[in-house]
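Some notes on the structure that comes next.
Every number in this text was worked out from the coordinates using simple rules, so none of it is lab data. Please read all numbers here as calculations on a predicted model, not as lab measurements. A quick note on method: Cβ atoms are made from the backbone with ideal geometry, for glycine too, and the neighbour counts reach across all protein chains shown.
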Amino acid sequence: MKRQLIIPFFLLLFVSLAYAQQEPVDLQMIEKIKDEGLNRSQVMKTAFYLTDVIGPRLSGSAGLKHANEWTRQQLADWQLANATIEPWGEFGRGWDIEKSYAAMTAPYYQPLIASPKAWTPGTNGLVKGKLMLVNAEKEEDFAQYKGQLKDKIILVQTTPDIKTTFEPDARRFTDDRLAEMAGTAASAPSSSGLSPERMAEYRARRAVREKLSQFLMEEGAALVISNGRGMHGTYFTSNGASYAADAPAVLPELEMAAEHYARMLRLLQAQQEVEIETEIKTRFNTDLTGYNVVAEIPGTDKKLKSELVMVGAHLDSWHSATGATDNAAGTAVMMEAMRILKTIGIKPRRTIRIALWGSEEQGLFGSRNYVKNHFGDAQTMKLLPDHVKLSAYYNVDNGTGKIRGVYLQGNEALRSIFQAWLEPFKDMGATTVTIRNTGGTDHQSFDAVGLPGFQFIQDPVDYNTRTHHTNMDTYERLQEEDLKQAAVIVASFVYHTAMRDQKLPRKTMPEAKAAGAN
């Protein structure tokens, strides 16, 4: 009995001595964070409200406005200071769906899985008629349809990629894959993941598609139906028009599940008549301003309280589902991390600030403009006084998967620090520190002006195959234990960043960009 008591003591002593030789880690505080975050979590309650209650949160929409108001109030109710909805500049027109109905009525009746493309108009009542196939792979193909499209419902021909799958949609990182990531050299993040050749092909197809849309509009077509990428009833949604205040008019357009699209395509190719009826009502909103939600736990150290540690996630989503994994998950995790820290009564030396971004999906607009307004201009590298005050920004935006580690974003000086902070979470699966960069989300706005901005490594689950930008991105896809784990790790990283004697080390400052460069 006595021996059993001694062993844990020496194990704890060994761990404490190991930490003492590297970055300090407050194990007692981590236990408090774990207790609150794992045993009294509110992360799923927050996620439920953002998805099931508020619903889609497209940029500029009534749903995003509701989300801004609710999250600001929730953060204030948790006793965070300075909870504010902060404008960042002009975004463009908001857009909402008021009604969306589509069915095939001949050769038989079949409800169709489809939704309007974002920022497209409604049909001005019920539209009924025969479906007409338009196959135009190049601009020269338009001529054959001249004068034939007036008031027609158009099916734009593409080739749906539908196949039987023999592997699950969802996966977690294996130990071998994490080890590979840890040993990978730093590289510039890719926003598309496509080779230059594939990107050129994509741009060429997009240019033809844009010209075709203009041609169909000029010819007086009534409605366009297009194939939404995906399968198994899941389709990846997109916008069919610009959100700019002065955007040119376009036709109503439905994006459809591949299986339903392909059935009608086969019928038309076999010279079988297909009839459609549909009614779409959409609404454009007049407030062109974009907003972020911010709140904070004020610092308490006389010398350090003006310095900042930030966490964030984007609050906006696409419109065909409720934006659960993209990115109610990240929003709920970051809100939960702040709730945990406030509830356990920490007294951070630095101020800890949360920001929930708007319009990430259209180009990181919320975070980019926040950085420009508060820290500096990524184009000119003209910096503002608060640039020197930020220690780090942490982001979550890769779905519902649990945290497996962190990307250093090319900052090797942070490796030993982050390794020490991850050590207490090895039993929860978080082990990996990689020098790699990762792109496509809001930490890049901070990195672009030389500020330490980080995205966590997360298990993919079914983010890229099933939920990301799709009509299936719903509450059911959220993994409760993963979100709890993520919130606890984020809270610990934030706490230790706020309590350090020094700010986190920074990389070499980037140079100003040439005029016209992105």
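For Lys211, list the aspartates and glutamates whose Cα falls under 20 Å from its own Cα; do not include residues on the same chain fewer than 8 positions away.
Here the aspartates and glutamates satisfying the reach criterion relative to Lys211 are Glu137, Glu139, Glu140, Asp141, Asp151, Glu201, Glu219, Asp246, Glu253, Glu255.
Mean separation of Cα pairs under 8 Å and 6+ residues apart, divided by the residue count of the chain: what relative contact order is that in percent?
Numbers: 1107 pairs, mean separation 119.4, N = 518.
Reported as a whole number, the value is 23 percent.
In this model, which of Lys342/Lys503; Lys303/Lys484; Lys99/Lys128; Lys281/Lys372; Lys45/Lys426 are farther than 25 Å apart at the alpha-carbon?
Working: Lys342/Lys503 22 Å; Lys303/Lys484 33 Å; Lys99/Lys128 16 Å; Lys281/Lys372 37 Å; Lys45/Lys426 27 Å.
Check vs 25 Å cut-off fails for Lys303/Lys484; Lys281/Lys372; Lys45/Lys426.
Out of residues 5 or more away from Leu131 or on other chains, whose amide H comes under 5 Å of its own, with H placed 1.01 Å from N in the peptide plane?
Amide H neighbours of Leu131, under 5 Å, 5+ apart: Val274, Glu275, Ile276.
If you place +1 on the Cβ of every Lys and Arg and -1 on the Cβ of every Asp and Glu, how big does the dipole about the Cα centre of the chain come out, in debye to the nearest 20?
So the dipole magnitude of the chain works out to roughly 1160 debye.
Relative to the longest principal Cα axis of the chain, at what angle does helix 365-374 sit, 0 to 90 degrees, rounded to 10?
That helix lies at roughly 40 degrees to the long axis.
Taking θ as phi - 60°, what are the ³J(HN,Hα) couplings along segment 80-96 by the Karplus curve (6.51, -1.76, 1.60), each to the nearest whole Hz, with x for Gly and Pro?
6, 8, 6, 5, 9, 9, 9, x, 10, x, 7, 9, x, 6, x, 7, 9
What order do you get for Arg350, Arg40 when you list them from fewest to most C-beta neighbours inside 10 Å? Mind showing how you got there, number by number?
Details: Arg350 27, Arg40 10.
By the 10 Å Cβ count, ascending, the order reads Arg40, Arg350.
With the Cα gyration tensor of segment 82-175 giving a ≥ b ≥ c as the square roots of its eigenvalues, does the rule (a/c under 1.5 for rounded; else a/b larger than b/c for prolate; else oblate) give rounded, prolate or oblate?
On the way: a/c = 1.78, a/b = 1.25, b/c = 1.43.
Oblate.
What ranking, highest mean first, results for peptides 158-164, 102-108 when packing means the other Cβ atoms within 10 Å averaged over each residue? If you can, show how the numbers build up before the last one.
Working: 158-164: 12.0, 102-108: 14.9.
Ranked by mean Cβ neighbours within 10 Å, highest first: 102-108, 158-164.
So who's got an amide H within less than 5 Å of the one on Trp88, skipping anything under 5 residues away but keeping other chains? H placed 1.01 Å off N, in plane.
When sequence neighbours closer than 5 places are left aside, the close amide H contacts are Gly290, Tyr291, Asn292.
State the percent of C-alpha pairs, over all pairs in segment 13-139, separated by a distance greater than 16 angstrom.
Values: 6390 of 8001 pairs.
Here the tail beyond 16 Å accounts for 80 percent of pairs.
Please state, rounded to one decimal and in Å, the Kirkwood hydrodynamic radius that segment 278-386 gives when every pair of distinct Cα atoms enters the mean of 1/r. Provide the component values of the computation, followed by the final result.
Working: mean 1/r = 0.0624 Å⁻¹.
About 16.0 Å, per the Kirkwood formula over Cα pairs.
Rounded, prolate or oblate for the chain? Axes are the square roots of the Cα gyration tensor eigenvalues, ordered a ≥ b ≥ c, and the cut-off for rounded is a/c under 1.5. Working shown, then result.
Numbers: a/c = 2.12, a/b = 1.90, b/c = 1.12.
It comes out prolate by the Cα gyration axes.
If we count other beta carbons within 10 Å of each Cβ, what is the order of Leu504, Leu304, Leu75, fewest first? Display every interim value, and only then the final one.
Details: Leu504 18, Leu304 21, Leu75 24.
Ordered by Cβ neighbours within 10 Å, fewest first: Leu504, Leu304, Leu75.
Give the Rg (one decimal place) followed by the Dmax (whole number) of segment 168-288, computed from C-alpha coordinates and expressed in Å.
Rg then Dmax for segment 168-288, in Å: 20.1, 58.
Please compute, for the alpha-carbon atoms of segment 238-283, the extent along each of the three principal axes and give them in descending order in Å.
Computed over segment 238-283, the largest-to-smallest principal extents equal 42, 19, 16 Å.
Show that you can apply the helix-only estimate: for the chain, add -39,500 (n - 2.57) for every DSSP H stretch of four or more residues, divide by all residues, and state [θ] at 222 nm to the nearest 500. All intermediate terms of the calculation are to be shown ahead of the outcome.
On the way: 12 runs with 156 residues, N = 518.
Dividing the helical sum by the residues of the chain leaves -9500 deg cm²/dmol.
Let me know the shape class of segment 99-151, please: from the alpha-carbon gyration tensor, a ≥ b ≥ c as square roots of the eigenvalues, rounded when a/c is under 1.5, otherwise prolate if a/b is greater than b/c, or oblate.
On the way: a/c = 2.01, a/b = 1.54, b/c = 1.30.
Prolate is the answer for segment 99-151, as a/c is 1.5 or above and a/b outweighs b/c.
Charges on Cβ only, +1 for Lys and Arg, -1 for Asp and Glu, centred on the Cα centroid of segment 68-129; of Gly122, Met104, Phe91, which one is farthest towards the dipole's positive end?
Of the options given, the answer is Met104.
Short version: what are the Cα gyration tensor semi-axes of segment 422-518, square root of 5 times each eigenvalue, largest first, in whole Å? Let's see the in-between values first.
Working: eigenvalues 154, 105, 24 Å².
That gives 28, 23, 11 Å for the three semi-axes.
Please list, by residue number, everything in segment 456-487 whose backbone N is under 15 Å from a paramagnetic label point 7 Å out along Cα→Cβ of Glu167.
Counting only backbone N, you get 460-466.
Ranked from highest to lowest mean number of other Cβ atoms within 10 Å per residue, what is the order of the peptides 476-487, 212-223, 307-318? Please list the in-between numbers first.
Numbers: 476-487: 21.0, 212-223: 18.4, 307-318: 27.0.
Order by mean packing, descending: 307-318, 476-487, 212-223.
With the dipole of the chain worked out from charges on the C-beta (+1 for Lys and Arg, -1 for Asp and Glu) around the Cα centre, which of Ala337, Met499, Ala262 lies farthest toward the positive end?
Met499
Ranked by Cβ crowding within 10 angstrom, fewest neighbours first, how are Glu277, Glu36 ordered? All intermediate terms of the calculation are to be shown ahead of the outcome.
On the way: Glu277 17, Glu36 21.
Lowest to highest Cβ neighbour count: Glu277, Glu36.
Under the Karplus relation 6.51 cos²θ - 1.76 cosθ + 1.60, θ = phi - 60°, what is the ordered set of whole-Hz ³J(HN,Hα) values for segment 234-248, x standing for Gly and Pro?
With the stated coefficients, segment 234-248 comes to 9, 9, 8, 8, 7, 9, x, 7, 7, 8, 4, 4, 10, 5, x Hz.
Run the paramagnetic zone check for Glu480: 7 angstrom along Cα to Cβ, then residues of segment 358-398 with backbone nitrogen under 19 Å.
none
Distance between Cα centroids, segment 341-376 to segment 461-518: provide it in whole Å.
First find each Cα centre; the distance between them is then 12 Å.
Relative to the longest principal axis of the C-alpha atoms of the chain, give the angle of the C-alpha long axis of helix 196-219, reported between 0 and 90° and rounded to the nearest 10°.
40
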